[in-house]
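Enquirer: Would you mind keeping the following structure in view while I ask a few things?
The values are calculated or read from the model by the stated rules, or taken from the named source; none is laboratory data. Note that the structure is predicted; figures quoted are calculated from it, not measured. Here the Cβ positions follow ideal geometry from the backbone for every residue, glycine too, while neighbour counts run over all protein chains shown. Side chains are part of the model used for accessible areas, which takes the heavy atoms of the whole protein and leaves out ligands, DNA and RNA. Shrake-Rupley method; radii C 1.70, N 1.55, O 1.52, S 1.80 Å.
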Amino acid sequence: MTSQGFSTRAIHAGQDPDASTGAVVVPIFQSSTFAQDGIGGLRNGYEYGRAGNPTRDSLEEQLAAAEQAAHAFSFSSGLAAEDALIRALLTPGDRIVLGNDVYGGTYRLIDRVLGPWGVSHRVTEMTDLDGLTAELAAAPTALVWVETPSNPMMKVTEIAAVAEITHAAGALLVVDNTFASPYLQNPLALGADVVVHSTTKYIGGHSDLIGGAVVLDDDALAEKVAFVQFAVGAVSAPMDAFLTTRGLKTLGVRMDRHSANAQAVAEWLRDQPAVDTVYYPGLPDHPGHELAARQMRGFGGMLSVSFTGGATAARTVAEATRLFTLAESLGGIESLMNYPAEMTHASVQGTELAVADNLLRLSVGLEDAADLLADLEQALGQLPAS
Ligand SMILES: *Cc1c(COP(=O)(O)O)cnc(C)c1O
């Protein structure tokens, strides 16, 4: 299996034709429970939908193959996956060290939900490896949580170096791989212990589902995550699992086009007088460019841009685009425009994770690049001439 290319694995892993009908696509097993042939006589181990469902199992096998991992668990959202992972691995009194621009909802979960249950946290700059080493020396730490490229500043963290520092401190490294997707980056191969995904984004890819995943190699850790998934029950519903599987099959071709379109948009924006900075790892002057080129197989579809005209300029552009839809989320086929300060990152304003108010985050979709550039040109054209 591991010798096959990414798209072959994404299309075939867990996707054998249905045994009883030959259906080429794994059916949506929309059933809460499964008949027993005599008490305890389970067919293929299926008993009750929270414990296992064939559509979800096929997705989990496909997700594991996409990251070339031993185990994957599918959840009803990315945050449900994160919550299950943290509660499976930590107990009250444990500590998490997380990057200073992780997804706002991840910070909110750790700070405001798990904090009151006794899990403490510290925020640090993950691209500063000496600072991370010092932070881990300061107190016993159970988990280090990294997002790379990060959201929304597109900072790139060296996973292999962070894994080494994390393991030397006796902690586990979790990488949120949502922005890169498993097509562009495989953190487990670089030394991470666990990968989490919001499958809502690139893996689903069509803005029509909410889902999440935990992916890992270690059997003992997997058993703990499996137990929380079953005992708490934030599992993917069969229809969502089916849609996620369908999305993952085309992830490779989509990411190639996302990356090409984002590169074109980043290069165009960089040359506009109204633009202060474009944050995209595919630009040679991005501080993480060389690292991203080594660590990833492409630069992805996400970028951020700041404007010299401050919040007013950013808001004007955000509300003026027509092809770029003003909406939260990312990773779908359609281009989206986000004003982090009041949308995705509203919950972290006033905290250590606050985002500048002259910044827009773009999820560059799969439309024709020329049309995307024309849309941005008319939107920037609404700014006062400087
Ligand atoms: C969206 C997102 C999440 C949370 O996932 P949900 O599916 O919205 O619960 C976590 N991490 C990143 C990087 C995300 O973009």
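Enquirer: Is there a residue being farther than 25 Å from M302 by Cβ and either aliphatic (A, V, I, L, M) or assigned to a loop (DSSP other than H, G, I, E, B) (or both) anywhere in segment 59-74?
Expert: Looking for residues that are farther than 25 Å from M302 by Cβ and either aliphatic (A, V, I, L, M) or assigned to a loop (DSSP other than H, G, I, E, B) (or both), one finds at least one in segment 59-74, hence yes.
Enquirer: Answer yes if at least one residue in segment 193-207 is of a type outside the set (G, A, S), farther than 17 Å from Q68 by Cα and touching an Asp or Glu at 6+ places or on another chain (Cβ under 7 Å), and no otherwise.
Expert: Looking through segment 193-207, none of the residues is of a type outside the set (G, A, S), farther than 17 Å from Q68 by Cα and touching an Asp or Glu at 6+ places or on another chain (Cβ under 7 Å).
Enquirer: Among the listed residues L85, L89, L98, identify the single one that is in contact (Cβ under 8 Å) with a residue 24 or more places away in the chain, away from the ligand (no atom under 13 Å from the Cβ) and of a type in the set (A, V, I, L, M, F, W, C). Steps first, please.
Expert: Numbers: L85 fails: away from the ligand (no atom under 13 Å from the Cβ); L98 fails: away from the ligand (no atom under 13 Å from the Cβ).
Just one listed residue meets the conditions, L89.
Enquirer: Within segment 219-228, how many residues turn out to be touching a residue at least 24 places away in the same chain (Cβ under 8 Å) and open to solvent by 70 Å² or more (accessible area, probe 1.4 Å)?
Expert: The total comes to 3.
Enquirer: Take segment 321-345 and flag every residue that is under 15 Å from K201 (Cα atoms) and of a type outside the set (G, A, S).
Expert: Here is the first cut: in segment 321-345, the ones under 15 Å from K201 (Cα atoms) are 327-338, 344.
Matches in segment 321-345: E328, L330, I333, E334, L336, M337, N338, T344.
Enquirer: Mind listing just one residue for me: the one in segment 262-285 that is part of a loop (DSSP other than H, G, I, E, B) and open to solvent by less than 20 Å² (accessible area, probe 1.4 Å) and, of those, nearest to D357 (Cα to Cα)?
Expert: Per the criteria, the residue is Y280.
Enquirer: Given the residues V364, V278, V317, which is the only one that is without any contact (Cβ under 8 Å) to a residue 40 or more places away in the chain, among the β-branched types (V, I, T) and either assigned by TED's automatic domain parsing to the domain that holds V102 or more than 30 Å from H121 (Cα to Cα) (or both)? So that I can check it myself, show each step before the final result.
Expert: Numbers: V364 fails: without any contact (Cβ under 8 Å) to a residue 40 or more places away in the chain; V317 fails: without any contact (Cβ under 8 Å) to a residue 40 or more places away in the chain.
Only one candidate passes the filter, namely V278.
Enquirer: Inside segment 97-148, can you point out the residues that are buried (at least 17 other Cβ atoms within 10 Å of the Cβ), aromatic (F, W, Y) and at pLDDT 95 or above?
Expert: W145
Enquirer: Right, another one. Conditions first: (1) surrounded by 19 or more Cβ atoms within 10 Å (Cβ to Cβ); (2) at pLDDT 95 or above. P152 passes all but one, so which condition is the exception?
Expert: Of the numbered conditions (1) surrounded by 19 or more Cβ atoms within 10 Å (Cβ to Cβ); (2) at pLDDT 95 or above, the odd one out for P152 is (2).
Enquirer: Which number in (1) under 25 Å from R294 (Cβ atoms); (2) open to solvent by less than 10 Å² (accessible area, probe 1.4 Å); (3) in contact (Cβ under 8 Å) with a residue 60 or more places away in the chain marks the one condition that V175 misses?
Expert: Evaluating V175 over (1) under 25 Å from R294 (Cβ atoms); (2) open to solvent by less than 10 Å² (accessible area, probe 1.4 Å); (3) in contact (Cβ under 8 Å) with a residue 60 or more places away in the chain leaves (3) as the failure.
Enquirer: With the requirement that a residue be surrounded by 13 or more Cβ atoms within 10 Å (Cβ to Cβ) and out of contact with any Phe, Trp or Tyr (no Cβ under 6 Å at 6 or more places or on another chain), what does segment 19-41 give you?
Expert: V25, V26, P27, F29, S31 - these are the residues of segment 19-41 that are surrounded by 13 or more Cβ atoms within 10 Å (Cβ to Cβ) and out of contact with any Phe, Trp or Tyr (no Cβ under 6 Å at 6 or more places or on another chain).
Enquirer: Can you pull out the strands (runs of 3 or more DSSP E) entirely within segment 286-386 that have at least 3 residues that are aliphatic (A, V, I, L, M) and open to solvent by less than 50 Å² (accessible area, probe 1.4 Å)?
Expert: In segment 286-386, the matching strands (runs of 3 or more DSSP E) lie at 302-307, 359-363.
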